[in-house]
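Chemist: Sharing a structure, written as structure tokens. Questions coming.
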Amino acid sequence: MHKGQTVTMSRDALDNYGAKWAGVELIVTHVATKYMPAKEFFAQGKPDGYHPGYDETGGKLYDLKRKDTDEALGMSLYDWELQAA
């Protein structure tokens with residue numbers, strides 16, 4: 001998945017976050033493949049490719065927003081938690 005792509009939550013993610021997310025289209029706003037401590041991450045203006053919550057065992061980590069409201073999600077999701085819409 002890439003920045004700007006429309007996605008939905010996978011069945012595994014729906015099991016974790018609830019059925020209210022079923023069919024909700026999300027847009028990828030940030031893709032992380034490397035860890036950076038939170039203090040440094042925010043001080044540098046959230047640089048592309050980095051995230052304080054990134055864990056290499058989970059694959060890429062995505063920040064998202066709702067397509068219908070443009071509201072940012074309060075959580076980040078990994079590859080296995082998303083599917084192309």
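Chemist: Taking only protein heavy atoms into account and a 1.4 Å probe, give the accessible area per residue of the chain in Å².
Modeler: 60 Å²
Chemist: Would you calculate the separation in nanometres between label points at Asn16 and Ala84, each defined as 7 Å from the Cα along the Cα-to-beta-carbon direction?
Modeler: Placing both labels 7 Å beyond Cα along the Cβ direction yields 2.2 nm.
Chemist: Taking amide H positions as placed in the peptide plane 1.01 Å from N, state which residues far from His30 in sequence (5 or more) or on other chains have amide H under 5 Å from it.
Modeler: Amide H neighbours of His30, under 5 Å, 5+ apart: Asp63.
Chemist: Okay, moving on. Quick one: how many Å² of Thr57 are accessible to a 1.4 Å probe, rounded to 10?
Modeler: It works out to around 120 Å².
Chemist: Sequence-distant or interchain residues sharing an amide H contact under 5 Å with Ser10, placed H: which?
Modeler: Leu82, Gln83
Chemist: Here's a follow-up. What percentage of all Cα-Cα pairs in the stretch 1-51 are separated by more than 14 Å?
Modeler: 61 percent
Chemist: Another one. Starting from the Kirkwood radius over alpha-carbon pairs of the stretch 30-80, derive D by Stokes-Einstein at 25 °C in a medium of 0.890 mPa s and give it in µm² s⁻¹.
Modeler: D = 217 µm²/s.
Chemist: So if I take the centroid of the Cα atoms in the stretch 34-85 and the same for the stretch 13-28, what is the distance between those two points in Å?
Modeler: 15 Å
Chemist: Summarise the accessible area of the chain (1.4 Å probe, protein heavy atoms) by the percent that is carbon and sulfur.
Modeler: 49 percent
Chemist: Would you list the P(r) distribution for the chain, with all Cα-Cα distances sorted into 10 Å bins from 0 and each bin expressed as a whole %?
Modeler: Going from the shortest bin to the longest, the percentages are 19, 51, 27, 3.
Chemist: So, with +1 on the Cβ of K and R and -1 on the Cβ of D and E, and no other charges, what is the size of the charge dipole of the chain about its Cα centre, to the nearest 20 debye?
Modeler: Dipole size: approximately 160 debye.
Chemist: How far apart, in nanometres, would the label points at Glu25 and Lys67 be if each is projected 7 angstrom from Cα along the Cα-to-Cβ direction?
Modeler: About 0.3 nm, to one decimal.
The values are calculated or read from the model by the stated rules, or taken from the named source; none is laboratory data. Everything numeric here is computed off the predicted structure, so don't read it as measured data. All Cβ positions, even for glycine, are placed from backbone atoms using ideal geometry, and neighbour counts span all protein chains on display. What goes into the accessible areas is simple: the full protein's heavy atoms, side chains included, and nothing from ligands, DNA or RNA. Shrake-Rupley method; radii C 1.70, N 1.55, O 1.52, S 1.80 Å.
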